[in-house]
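Each remark here refers to the structure printed beneath this line.
The values are calculated or read from the model by the stated rules, or taken from the named source; none is laboratory data. All values reported here derive from a predicted model rather than from experimental measurement. Backbone-built Cβ (ideal geometry, glycine too); neighbour counts: all protein chains shown. Accessible surface areas use protein heavy atoms only, side chains included; no ligands, DNA or RNA. Shrake-Rupley method; radii C 1.70, N 1.55, O 1.52, S 1.80 Å.
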Amino acid sequence: MKVKFAMFMAVFATFLGLIVVSDTIATEPTVIVMPSRYTVVQFAFDVARLRRNVYLMTYEKLASSKAPAYHVWDETKQDWVRVELNDYLTGAIFAATPKNVVLIGSDKDVVSELTAAPAYCQVPLRVQALDVVTLVNSLNKVMEFTAREWKWLGERHQIEFKDLNADRRKYGKYGKPGSDITMPEAKIAQPETIVITPVEVSQPAPEVLEKTSEVKPTPPEDK
C-alpha cells in the first residue's frame, strides 16, 4: 500500500469519526468496488453511512508486483482485510451475497479481471468517471437517495444541486404561466451489455465479513 494513501486515509478516519448520520436505510446487499483514491473512498464511506448492507472493496495496481492488491473493509475488525480476487468473484467472503455490484474506474485504471460482473450479481453498475458529481448521480440508481441525503452529500462534498423539477411541482406539468412550453423528447434508455463469467471455486474464502454499518476507516495494509 502506498505511503501517501495510508497517510490521507488516516486523516480521513479522524475526520469521518466526527460525522453522525442516523436512521440509515437498508438496501439490497451491494458491494462498491473502487480504486484506492481518496475522494472515491471518502464518498463510498459516506454512502455506507447512509445505507446498510453495503460492502466496500478497493483495488490497486502495485508497481512492485504484477498482481493487483484487493482489500475489503471488515466492520467487525474495523480494518481493511487483504483478499484474493477469487474471494470476491465467488462472493463467499460476504456474509450476505451482494445483489448489486458497483464497479468504479475508467477502462485505463480498472483491473481488467473486474470488468466482467460476478455470477452472483443481478444488478451490475459501471461508473467510469471518478468525480463526485458523477458518483452521486450514478449511485442514486441503486441507493435512491432521499432529499435529506442529497443535501447532506452536497454539503459534505461541496456540491450545489439544482432541482430541475421545482417549477413542475409548483406550477404543474405545463410550467410557469406565461412561459414557453417545450415538450421533452421521448428517449429510450439502452441497457448496458454485461458479460457474466462463470466462476470456479478453487479454495474456500479465508473468512466471512460482516455487513458494513457505522464506518471508521483505517488505511489498507498488505496482509
_Looking only at the stretch 52-71, and only at residues there that are buried (at least 23 other Cβ atoms within 10 Å of the Cβ) and touching a residue at least 60 places away in the same chain (Cβ under 8 Å), the one that is farthest from the chain's Cα centre (by Cα)_ = THR58
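Taking the condition of being over 22 Å from ALA48 (Cβ atoms) and of a type outside the set (A, V, I, L, M), how many residues in the stretch 91-134 meet it?
Of the stretch 91-134, the ones over 22 Å from ALA48 (Cβ atoms) are 106-108, 112-113, 115-116, 119.
Within this subset, residues satisfying the condition of being of a type outside the set (A, V, I, L, M) are 106-108, 112-113, 115.
Residues flagged as over 22 Å from ALA48 (Cβ atoms) and of a type outside the set (A, V, I, L, M) within the stretch 91-134 amount to 6.
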*State whether the residues of the stretch 24-32 include one that is at pLDDT below 85, open to solvent by less than 30 Å² (accessible area, probe 1.4 Å) and at negative phi.*
yes
*Pairs, please: C-beta under 9 Å, at least 6 apart or cross-chain, first residue in contact (Cβ under 8 Å) with a residue 40 or more places away in the chain and open to solvent by 30 Å² or more (accessible area, probe 1.4 Å) and in the stretch 112-134, second among the polar types (S, T, N, Q) and assigned to a loop (DSSP other than H, G, I, E, B)?*
ALA119/THR197; ARG126/THR115; LEU130/SER106
